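> Attaching a single structure in structure tokens format; questions to follow.
The values are calculated or read from the model by the stated rules, or taken from the named source; none is laboratory data. Keep in mind the model is a prediction, meaning the values are calculated, not measured. Quick reminder, even Gly has a Cβ in these numbers, built from the backbone with ideal geometry, and neighbours come from all protein chains shown.
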2 protein chains.
Amino acid sequence: MTPTHTLEINGTRLWQSLMDLARIGATDKGGNCRLALTELDGQGRDLVVGWMKEAGLEITIDQVGNIFGRRPGKNPGLPPVATGSHIDTQPTGGKFDGCFGVMAGLEVMRTLQDHGIETEAPLELIIWTNEEGTRFVPVMMGSGVFCKIFPLETALSAVDVNGKSVRNELANIGYNGQAPVPDHELGSYFEAHIEQGPILEAADNVIGVVSGSLGLRWYDVTVTGMEAHAGPTPMPMRRDALYAATHLMQEVIRIALDYAPEGRGTVGVANVYPSSRNVIPGKVTFSVDLRHERADKLAEMDARLRAACTALANGTTTGYTVDVQLQDIQHFPPTPFTPELVNAVREQAEARGYSHQSIVTGAGHDAVYVARVAPTAMIFVPCKDGISHNEIEDAKPEHLEAGANVLLGALLERAGRVA
Amino acid sequence: MTPTHTLEINGTRLWQSLMDLARIGATDKGGNCRLALTELDGQGRDLVVGWMKEAGLEITIDQVGNIFGRRPGKNPGLPPVATGSHIDTQPTGGKFDGCFGVMAGLEVMRTLQDHGIETEAPLELIIWTNEEGTRFVPVMMGSGVFCKIFPLETALSAVDVNGKSVRNELANIGYNGQAPVPDHELGSYFEAHIEQGPILEAADNVIGVVSGSLGLRWYDVTVTGMEAHAGPTPMPMRRDALYAATHLMQEVIRIALDYAPEGRGTVGVANVYPSSRNVIPGKVTFSVDLRHERADKLAEMDARLRAACTALANGTTTGYTVDVQLQDIQHFPPTPFTPELVNAVREQAEARGYSHQSIVTGAGHDAVYVARVAPTAMIFVPCKDGISHNEIEDAKPEHLEAGANVLLGALLERAGRVA
């Protein structure tokens, strides 16, 4: 019997399947547009489900359109060791975000079929519905319902900008399944994904051993000063809302730098009122995004932000008072992945000689929800320049192959290979 | 003969005329909406021209609709000593901006008539067309043509958002005069105006002796970094355009503070791209407005801004490079007013016992153009909270009366009172 760590998937077949899937909804710039539950998404699902059946998987569709492809194990009483991701894309998305995780799982199933390998526990390949959340919110919809983050009805009654509902659009493409959500437990869950960031590429590492996801806090801030004419108003008599706000914007970055390397801080949106060249701004609104791997550190960052708001409001920062409103918009605590599964990923990378490093995911993934209900880990591979959610998103075939090999090994290790 | 410095205008009549004019185009919130060359502007002009005729003034209308009311002097060969302002308003304007200057001049003419006072030089009350520039650009249109800042045809062919031209709208309200622009010189020009800023009120002074207008430089700045996902991108690998831009925005304020008290700096407009909560900004555009009373200081401020752009671009400021484009939008050099006329204003305030101070105007006025062709000065009175271009614009009757008394005295001093 070939030892697991020398058993390899077929990299050429993996790449070809990714390219074949990418033809559906291909964009002129080399990207992909297959928004969730559109006819193109339906065509993509049909293509992949066909491949899953050819690989010997037994298909179940649940009521939110999640697709489960089961490969029986020797012991049908064990919960399945699962892998998966999504195949819906952003409007100007790439070929790899989501699709790589599904195609890597498919390639593992094909490889096991080629080699006639049996496992103790069943294996399962999952395609989650509407991960991107571009057409329908909530994002990570299919995994969210499966993991009981929100009710099925919330998902089914969501409508797009044209008033079309998830319920109707699922039926329209024939993926309004009958299985309850959820109707089974997962023994383990692995998700392979492009990194969507620049870390692996910069370090020249092939495999990211993902230890968990960053916690996230989103806020909206409103700074109100006093609108006045730019000409006649001397500097000391101003209560310039924008000048005040820039101090808080910079503090967001300083907080993140002080919590390096895992602290992150971003001001992505800012609006100035009344927005006239010769009027001192009376009001500025902006978003704040703080992230950290550890809940205690994220709480400290939150406290720093609140203290900065107070100092800005009472005039300590600028010498004049302003009104500062900090509104909580969203709070996801950090999600550590399961150490045994994380170790399985690391050991496979090590055994196969792939350069690797620990990493956390800053982006949301179905795995982050699944981690709440089942042992979970993720496998990252580099993407070009760290760019994703973009038609120029790119990844190297050898990196994708390496990621799928690690997935193969980790799944076999968790499911138990029958000698 | 009553000495000039004890001769007084009728404050009650001045206030009443301001309130009567404010009925035309009155807004619900107590403001005024008489946009240039609308029917309401026509009604306002008709009312004031009627009063001017009653005060014994001889009316001339020029081809851009400027109204001149001449009070003959003993020596008709002398150029007139003039005063005036405008009676068009902002869409949500107040009762005093512009109107006070015209009504103060009218009240001086009425007072001279009441007392049978004759002057050596003729006196002239001028209503300039379209000072506000809200409906038609260029702003300060009537004085701009009179002072040869731009050609008559530029003004006449200007159109509003509905495609209506100044030429047609002047004819429509009957103010398409025949007099060439200009058809005479001005011996001196005084303009009384509310301050439109908070300085006099804060210092509890009644009269602002305006020594000139601030020079102004307008710029548009574009800072380009690299758009990236807020989650997966570590702080040291970012080229955040907004974080970079905030340093330049703050430098604008620091430059102004370093050139206190007359330096002013404002960022009134800022736009962030792509403006998504979890995307690091790739581009920020913003406006810069720098002002100073002295041309050499304004040039130094300009040099400081350019140096800050360079330091930001090459990474000195933030540790990462960005592209910084600084585009010149407008440059008005400082306009000092005429010392003899400025002194005349100060002497009248002093002789009449009004608290006063030197001040510069940060806002644009017809007087700033007139200063290029004739000896000019302005007289400021306080306005409530420094607010103008707003329906809540307000001023105290006793301050307006004081301003008109100073105007009376200054005009008589320059025109020469016949004993």
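> Could you list, in sequence order, all residues of segment A:181-205 that are surrounded by fewer than 23 Cβ atoms within 10 Å (Cβ to Cβ), of a type in the set (A, V, I, L, M, F, W, C) and over 20 Å from B:Gly231 (Cα atoms)?
Taking segment A:181-205 first, the residues surrounded by fewer than 23 Cβ atoms within 10 Å (Cβ to Cβ) are A:181-187, A:198-199, A:201-205.
In the following step, the residues that additionally are of a type in the set (A, V, I, L, M, F, W, C) were identified as A:181, A:186, A:199, A:202-203.
Result: A:Val181, A:Leu186.
> Given the criteria of a type in the set (Gly, Ala, Ser), within 22 Å of the chain's Cα centre (by Cα) and closer than 17 Å to A:Asn176 by Cα, does A:Gly42 qualify?
yes
> Among the residues of segment B:130-148, is there at least one that is surrounded by fewer than 20 Cβ atoms within 10 Å (Cβ to Cβ), within 21 Å of the chain's Cα centre (by Cα) and basic (Lys, Arg)?
yes
> Also, I was wondering about something else. Restricting attention to segment B:163-179, and to residues there that are under 24 Å from the mean Cα position of the chain (by Cα) and among the hydrophobic types (A, V, I, L, M, F, W, C), which single residue is farthest from the other protein chains (Cβ to nearest Cβ)?
B:Leu170
> If you don't mind, there's one more thing I want to ask. Can you tell me which residue among B:Glu201, B:Glu195, B:Glu153 is within 30 Å of B:Leu412 (Cβ to Cβ), acidic (Asp, Glu) and either in contact with a strand residue (DSSP E or B) (Cβ under 6 Å, 6 or more places away or on another chain) or free of Cβ contacts under 8 Å to residues at least 40 places away in the same chain (or both)?
B:Glu195
> Looking only at segment A:180-232, which residues are hydroxyl-bearing (Ser, Thr, Tyr) and either within 12 Å of chain B (Cβ to nearest Cβ) or closer than 17 Å to A:Val370 by Cβ (or both)?
Of everything in segment A:180-232, those that are hydroxyl-bearing (Ser, Thr, Tyr) and either within 12 Å of chain B (Cβ to nearest Cβ) or closer than 17 Å to A:Val370 by Cβ (or both) turn out to be A:Ser188, A:Tyr189, A:Ser211, A:Ser213, A:Tyr219.
> Among the residues of segment A:360-370, is any surrounded by 15 or more Cβ atoms within 10 Å (Cβ to Cβ) and in a strand (DSSP E or B)?
Step one: list which residues in segment A:360-370 are surrounded by 15 or more Cβ atoms within 10 Å (Cβ to Cβ), which gives A:360-370.
Those still in the list that are in a strand (DSSP E or B) too: A:360-361.
Yes, some residue in segment A:360-370 is surrounded by 15 or more Cβ atoms within 10 Å (Cβ to Cβ) and in a strand (DSSP E or B).
> Residue by residue through segment A:219-238, note down the ones that are part of a strand (DSSP E or B) and modelled with pLDDT of 95 or more.
A:Tyr219, A:Asp220, A:Val221, A:Thr222, A:Val223, A:Thr224, listed by residue number.
> Please give the number of the condition B:Ile126 fails out of (1) over 20 Å from B:Thr338 (Cβ atoms); (2) in contact with a Phe, Trp or Tyr (Cβ under 7 Å, 6 or more places away or on another chain).
Checking B:Ile126 against (1) over 20 Å from B:Thr338 (Cβ atoms); (2) in contact with a Phe, Trp or Tyr (Cβ under 7 Å, 6 or more places away or on another chain), the one that fails is (1).
> I've got another one for you. Sort out which residues of segment A:87-109 are free of Cβ contacts under 8 Å to residues at least 60 places away in the same chain and either surrounded by 24 or more Cβ atoms within 10 Å (Cβ to Cβ) or closer than 14 Å to A:Val48 by Cβ (or both), and write them in order of number. Working first, answer last.
Just the residues of segment A:87-109 that are free of Cβ contacts under 8 Å to residues at least 60 places away in the same chain, to begin with: A:88, A:91, A:102, A:109.
Selection gives A:Asp88, A:Val102, A:Met109.
> Which numbered condition trips up A:Tyr320, out of (1) facing chain B (nearest Cβ under 10 Å); (2) in a loop (DSSP other than H, G, I, E, B); (3) touching a strand residue (DSSP E or B) at 6+ places or on another chain (Cβ under 9 Å)?
It fails just one condition, (1).
> Related question: Out of segment B:65-81, which residues are buried (at least 24 other Cβ atoms within 10 Å of the Cβ) and assigned to a loop (DSSP other than H, G, I, E, B)?
B:Gly65, B:Asn66, B:Pro80
> Looking at A:Val145, A:Val139, A:Val209, can you tell me which residue is in a strand (DSSP E or B) and either of a type outside the set (Asp, Glu) or more than 22 Å from A:Ala402 (Cβ to Cβ) (or both)? Spell out the reasoning first.
Working: A:Val145 fails: in a strand (DSSP E or B); A:Val139 fails: in a strand (DSSP E or B).
From the options A:Val145, A:Val139, A:Val209, the qualifying one is A:Val209.
> Of the conditions (1) touching a Ser or Thr at 6+ places or on another chain (Cβ under 6 Å); (2) within 14 Å of another protein chain (Cβ to nearest Cβ), B:Glu393 clears all except one; give me its number.
Looking at each condition in turn, B:Glu393 falls short on (1).
> I would also like to ask the following. Taking segment A:151-180 as the region of interest, how many residues are farther than 15 Å from A:Asn66 by Cα and part of a loop (DSSP other than H, G, I, E, B)?
Matching residues across segment A:151-180 total 7.
> Then there is this: I'd like the full set of residues that are under 22 Å from B:Phe332 (Cα atoms) and more than 20 Å from the chain's Cα centre (by Cα), limited to segment B:268-304.
Within segment B:268-304, B:Val269, B:Phe286, B:Ser287, B:Asp296, B:Lys297, B:Ala299, B:Glu300, B:Met301, B:Asp302, B:Ala303, B:Arg304 qualify.
> Looking only at residues that are of a type outside the set (A, V, I, L, M) and in a strand (DSSP E or B) in segment A:117-129, which one is surrounded by the most Cβ atoms within 10 Å (Cβ to Cβ)? Spell out the reasoning first.
To start, the set of residues in segment A:117-129 that are of a type outside the set (A, V, I, L, M) comprises A:118-120, A:122, A:124, A:128-129.
Then drop every residue that is not in a strand (DSSP E or B), which leaves A:119, A:124.
On the way: A:Thr119: 22, A:Glu124: 28.
Top of the filtered list is A:Glu124.
> Would you mind stating whether A:Ala351 is in contact with a helix residue (DSSP H, G or I) (Cβ under 9 Å, 6 or more places away or on another chain), touching a residue at least 12 places away in the same chain (Cβ under 8 Å), crowded, with 19+ Cβ neighbours inside 10 Å and not basic (Lys, Arg)?
no
> Every residue in segment A:239-286 that is surrounded by fewer than 23 Cβ atoms within 10 Å (Cβ to Cβ), facing chain B (nearest Cβ under 7 Å) and part of a strand (DSSP E or B), please.
A:Val279
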